[in-house]
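Read the structure below first, then the notes.
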Amino acid sequence: AEANLGNAATAKNVLNALQLKRGATPTEGTLDKIYLERRKELYGEGHRLFDIKRLRQPLIRSVYPEQWVAIDLPADSPRFMLPLPNNEMLYNTALTENDQNDYWK
């Protein structure tokens, strides 16, 4: 958050404190390094997809990179959007079929 707000010195101090606590060597606090540390710190907790969406990054998952790519979604893919719940579509009279997210129509 500090790095995104432009507070580079504070962001670097927080990153270095986290790395020291984890036994790693402190590094330069660039945004990419901060995002990488966030990925490592929150691994398996379900935050990654939301970070990908918030940071407008593509989602690429390769199984055998030299042969084929399992998933390749650009950052603006409508597949990142969740459908409006069916009950909302049924009971909210202000919604029409055109209000449903495009990928889920």
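The values are calculated or read from the model by the stated rules, or taken from the named source; none is laboratory data. Note that the coordinates shown come from a computational prediction; the quantities given were computed from them, not determined experimentally. Glycine gets a Cβ as well: all are built from the backbone with ideal geometry, and neighbour counts include every protein chain shown.
Numerical summary
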{"read-out": "One residue from Pro74, Pro78 being under 21 Å from Arg48 (Cα atoms), modelled with pLDDT under 90 and surrounded by fewer than 12 Cβ atoms within 10 Å (Cβ to Cβ)", "value": "Pro78"}
{"read-out": "Residues within region 12-66 that are under 26 Å from Met81 (Cα atoms), assigned to a helix (DSSP H, G or I) and of a type in the set (S, T, N, Q), tallied", "value": "0"}
{"read-out": "Selected residue (only one of Glu88, Glu41 is of a type in the set (Asp, Glu), modelled with pLDDT of 80 or more and closer than 23 Å to Leu5 by Cβ)", "value": "Glu41"}
